[in-house]
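A.B. asks: Take this structure first; my questions come after.
Please treat every number below as a calculation from the coordinates, not as lab data. It should be emphasised that the depicted structure is a prediction, and the values quoted were computed from it without experimental measurement. Counting neighbours? That spans all protein chains shown, and the Cβs are built from the backbone with ideal geometry, glycine included.
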Amino acid sequence: MASSDPTPVVTLRDVTEDDLPIFFEHQRDPEANRMAAYPARGWEKHIAHWRYILREPSVRVQTILCGEEVAGSVLSYVNEGIREIGYWLGREFWGKGIATRALAAFLPGESARPLYAHCAQHNIGSRRVLEKCGFAIIGEDSYPEPDGTVVKEFVLRLD
Ligand SMILES: CC(C)(COP(=O)(O)OP(=O)(O)OC[C@H]1O[C@@H](n2cnc3c(N)ncnc32)[C@H](O)[C@@H]1OP(=O)(O)O)[C@@H](O)C(=O)NCCC(=O)NCCS
């Protein structure tokens, strides 16, 4: 797929073992960590996290393909009794409408409503992805990082 292609074909499929090293690289990109206000995991923690995700029945997760390439992942999971959405793309796939299309493709298979999402207030792209898929901001939240920095988040909901 040429990077200049304005309409990459985005599809979802089940996660395979071969995807995990690719997701590892995606989640340790410092710019992505800053955007998501989420720290990188080392390899052991990454694999343990994915082993948990893949065996936990309440988690629904799909690999995002851009053409034949693994672009990232999209998932839903239950946090304190509410179902939330998350996604993460490799940096080379940003800015092409892929996350919006991936989430739009994921949502019809997700029967739970309402669905919730949290995004850092500085993560304009993630907020836009959610809004374009019908989520609306319903509130704000914040939490302290280990260094004491407070991360401000928006809470969004899809009814
Ligand atoms: C956030 C992320 C998923 C966006 O993916 P993407 O495929 O680039 O998003 P899209 O191309 O579908 O863009 C959707 C909208 O957001 C805008 N957008 C995307 N990235 C942006 C950015 N960095 N700054 C401002 N706007 C941005 C796009 O212009 C588009 O808006 P428009 O249609 O109104 O023009 C991707 O950057 C990513 O995976 N980041 C790291 C992990 C992360 O932040 N995950 C979400 C945690 S809540």
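A.B. asks: Report, by residue number, each residue of region 40-52 that is within 21 Å of Ala120 (Cβ to Cβ) and touching a residue at least 24 places away in the same chain (Cβ under 8 Å).
C.D. replies: Of everything in region 40-52, just one residue is within 21 Å of Ala120 (Cβ to Cβ) and touching a residue at least 24 places away in the same chain (Cβ under 8 Å), namely His46.
A.B. asks: Could we say that Gly86 is within 16 Å of the ligand (Cβ to nearest atom), under 24 Å from Phe154 (Cβ atoms) and loosely packed, with under 12 Cβ neighbours inside 10 Å here? Before you say what the answer is, go through the steps one by one.
C.D. replies: On the way: within 16 Å of the ligand (Cβ to nearest atom): yes; under 24 Å from Phe154 (Cβ atoms): yes; loosely packed, with under 12 Cβ neighbours inside 10 Å: no.
Spelling it out, it is not the case that Gly86 is within 16 Å of the ligand (Cβ to nearest atom), under 24 Å from Phe154 (Cβ atoms) and loosely packed, with under 12 Cβ neighbours inside 10 Å.
A.B. asks: So in region 97-124, with the set limited to residues that are away from the ligand (no atom under 13 Å from the Cβ) and not small (Gly, Ala, Ser), which one is surrounded by the most Cβ atoms within 10 Å (Cβ to Cβ)? Working first, answer last.
C.D. replies: At the first step, the residues of region 97-124 found to be away from the ligand (no atom under 13 Å from the Cβ) are 107-115.
Of the ones still in play, those that are also not small (Gly, Ala, Ser) are 107-108, 110, 113-115.
Details: Leu107: 18, Pro108: 7, Glu110: 16, Arg113: 10, Pro114: 12, Leu115: 21.
Checking each candidate, the answer is Leu115.
A.B. asks: Oh, and also: Asp141 - would you say it is without any contact (Cβ under 8 Å) to a residue 60 or more places away in the chain, among the acidic types (Asp, Glu), closer than 20 Å to Met35 by Cα and in a loop (DSSP other than H, G, I, E, B)? Full working, then the answer.
C.D. replies: Details: without any contact (Cβ under 8 Å) to a residue 60 or more places away in the chain: yes; among the acidic types (Asp, Glu): yes; closer than 20 Å to Met35 by Cα: yes; in a loop (DSSP other than H, G, I, E, B): no.
No.
A.B. asks: May I pose another question? Among Glu131, Glu153, Glu145, which is over 13 Å from the mean Cα position of the chain (by Cα), over 20 Å from Gln62 (Cβ atoms) and crowded, with 18+ Cβ neighbours inside 10 Å?
C.D. replies: On the way: Glu131 fails: crowded, with 18+ Cβ neighbours inside 10 Å; Glu145 fails: crowded, with 18+ Cβ neighbours inside 10 Å.
After applying the criteria, what remains is Glu153.
A.B. asks: Moving on to the next point. Within region 12-36, which residues are surrounded by 15 or more Cβ atoms within 10 Å (Cβ to Cβ) and out of contact with any helix residue (DSSP H, G or I) (no Cβ under 6 Å at 6 or more places or on another chain)?
C.D. replies: Here is the first cut: in region 12-36, the ones surrounded by 15 or more Cβ atoms within 10 Å (Cβ to Cβ) are 12, 15, 19-20, 22-24, 26-29, 32, 35-36.
Those that are surrounded by 15 or more Cβ atoms within 10 Å (Cβ to Cβ) and out of contact with any helix residue (DSSP H, G or I) (no Cβ under 6 Å at 6 or more places or on another chain): Val15, Asp19, Ile22, Phe23, His26, Gln27, Arg28, Ala32, Met35, Ala36.
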